[in-house]
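None of the figures in this text is laboratory data; all of them are computed from the coordinates on show. What you see is a predicted model; the values in this text were computed from it and never measured. Here the Cβ positions follow ideal geometry from the backbone for every residue, glycine too, while neighbour counts run over all protein chains shown.
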Amino acid sequence: MSYDASATWSGFNYQGKIALYHTLCLINEKLNEDVNFEFSDYELILENHEDFDIKGPNGFESFHQVKAINKTAFSTYENALFAMLLQLDTPENAAVIGYLHTWKPLRWTGGNSFKEKLRGIVHKIILDNTDNLANSYIQKAFTEDTIVDKKVKIIRQAKNQDARLVDVEDVLGVVTGIHDAVQPEAVVERIKLYDYGGVLACSIDDIDQKVKGKISTLHDVLDIASNEDSENKIFCSLLAKLDENIILKHSNLNDGDESPISISEILSIVVDSNIRDSDNAYLASSFKLQFIDAFERYLDDDELCSPDDAEAYLNSVSNLNAAMKVLLELSALDLWAYFKNLNPHLHLDADSAIMNAQHINLPNLRQYLFRIFSDMNSDKFCNSYQKRVVHYFNKNKCYLPTAIAKDSKKTLVRSIMENGNAIRSLYEVSAMITGDENAPEIERFSDEYTKLANVDIEKYYEIEPQLDKEKITQVSRNIRLIRGSTAMEEINDA
């Protein structure tokens, strides 16, 4: 198994959509050849050799590495391609095609072809072994050093999976063979940049419509009545199917199970009229889709998240990973419960609010909440699944990250006090954090609350148990609203 990125993606994000797009392309291709084609021996496998694999009746057919990075330089992708070169060179993968999917087309100077650039990757390894004979990437792969270059880790992983790689000379022989091979089945001939209709990349802005377009095309092939609403519901249902699989896969990360998704099952969702006519599951799935879309747009926004920070996240070495590992692995309904607690200033108790939430506060996630997760010390991060809340701890103080933005103290206090959800989410919280550095800080929530004579607690909490009603005064007495920079200073001082 290659590097597992299941902690950095869900079925609803870019990787999941790309997996769906390719799978639907495959289904369309087979049905155009034979409308009665039998898919029972075809499987989509997430997070196995690469981000996703396609397996057919005779074994694996293709491995797909998906890089959601806002960078175009070829060098950014060299490590991923080096790992794929070693993986596809093994005897058991000699017929497998490898694909690299990117947000933006790769660029490099000079007139070298992509195939020549692939040869260049292993040529660097060969030269490094010549120039640094005692301390090369290959040599280090056979040491116990823990602080090593990514290429060393890739070689170590390859030798653990490839019985041919017994010693340094074996590894050097394999990479030299990759470099020198010219036959049609050579590994450099089997790795390709994925072609999206003449463009060797697919932007985050285009992938949703491309997947829906393939759903529409498939409906035409099968003579199924289709419209935009039904395509949206099928799109979300397909993403939810992948999401369930990746959540299950991550919870059983060490059992070695491929956990395949039958392509027949994917096709059955596309043609299921009950899915096309449903509403309840669609609402929750649609919300998670929009939540993750906001996160991906945060990663792609250089002003909010630098390309280096985005890449650090994808390599699981950033503060952001602690929070997003939790949130991306939640089911759609669980994510909605967490979202409510991250927004104590919004009244989102009614189920019907799911659709409204997609338009109310998702931009604030990108502008403020994700930035809090990026900045705050991940060592202080804590998740309470039972309470459906994520927070940070400093000694006995609990800090709740929120999507609260700039507003008047009066408006913020009123909206929080009128929100029944605030009783449960804020009772043990010492401070709410806003990522908006222009937002006001409230040192004593109760001082502001006492100025709001027109807020009738009994009116808003009349159906709550008496114990919960008593808690609200404790919340108002103890809670603060502070900026992210203030929270960082307090937490880092611990």
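Assorted remarks:
- Along each principal axis, Cα extent of segment 288-492, largest first, Å: 49, 37, 29
- Amide N of segment 162-183 lying under 14 Å from the label point, which is placed 7 angstrom from the Cα of Leu133 along Cα→Cβ: 169
- Approximate shape of segment 106-227 as ellipsoid semi-axes (Cα gyration tensor, √5λ), whole Å, largest first: 40, 17, 15
- Sum of side-chain charges, Glu489 neighbourhood, beta-carbon under 12 Å (Lys, Arg +1; Asp, Glu -1): -2
- Note on segment 6-268: Kirkwood hydrodynamic radius from all Cα pairs is 19.9 Å, rounded to one decimal.
- A Förster radius of 56 Å combined with the Cβ-Cβ distance from Phe142 to Leu452 puts the calculated FRET efficiency at roughly 0.25.
- The chain: relative contact order in percent, alpha carbon pairs under 8 Å with at least 6 residues between: 15
- Once the Cα atoms are used to define both axes, helix 168-180 deviates from the longest principal axis of the chain by about 80 degrees.
- Principal-axis analysis of the Cα atoms of the chain puts helix 150-161 at an angle of about 70° to the longest axis.
- A simple spin-label model places pseudo-atoms 7 Å from Cα toward Cβ; at Cys382 and Ser251 they are separated by 2.4 nm.
- Of the chymotrypsin sites (Phe, Trp or Tyr not before Pro) in segment 79-158, those whose Cβ has at most 16 other Cβ within 10 Å and which sit in DSSP loop: Trp108, Phe142
- Zone residues, segment 303-343, relative to Lys153, backbone N less than 12 Å from point 7 Å out along Cα-to-Cβ: 312-318
- Tilt relative to the chain, helix 14-33 - C-alpha long axis, 0 to 90 degrees, to 10: 50
- Extension gain, Ser316 to Lys30: 0.36 nm times the residue separation minus the Cα-Cα distance gives 99.2 nm.
- Counting only DSSP beta bridges with both residues in the chain, the antiparallel share comes to about 55 percent.
- Applying a DSSP loop filter and a limit of 16 other Cβ atoms within 10 Å to the GluC sites (Glu not before Pro) in segment 98-205 leaves Glu144, Glu185.
- Total formal charge among the other residues, if their Cβ is under 14 angstrom from that of Lys380, Lys/Arg +1 and Asp/Glu -1: -3
- Long-range amide H partners of Thr434 with built H, under 5 Å: Ile482, Arg483, Gly484
- Alpha carbon convex hull of the chain, projected area averaged over orientations, nm²: 26.7
- Exposed-site-free run, longest, the chain (rule: trypsin sites (Lys or Arg not before Pro); DSSP loop; at most 16 other C-beta within 10 Å): 165-386
- Sum of -39500 (n - 2.57) over DSSP H runs of 4+, divided by residues of the chain (222 nm, nearest 500): -14500 deg cm²/dmol
- Whole-Å distance, taken between Cα centres, linking segment 179-198 and segment 376-391: 45
- Per-residue HN-Hα couplings for segment 241-249 [Karplus 6.51, -1.76, 1.60; θ = phi - 60°; Hz; x = Gly/Pro]: 4, 5, 4, 4, 5, 6, 5, 5, 5
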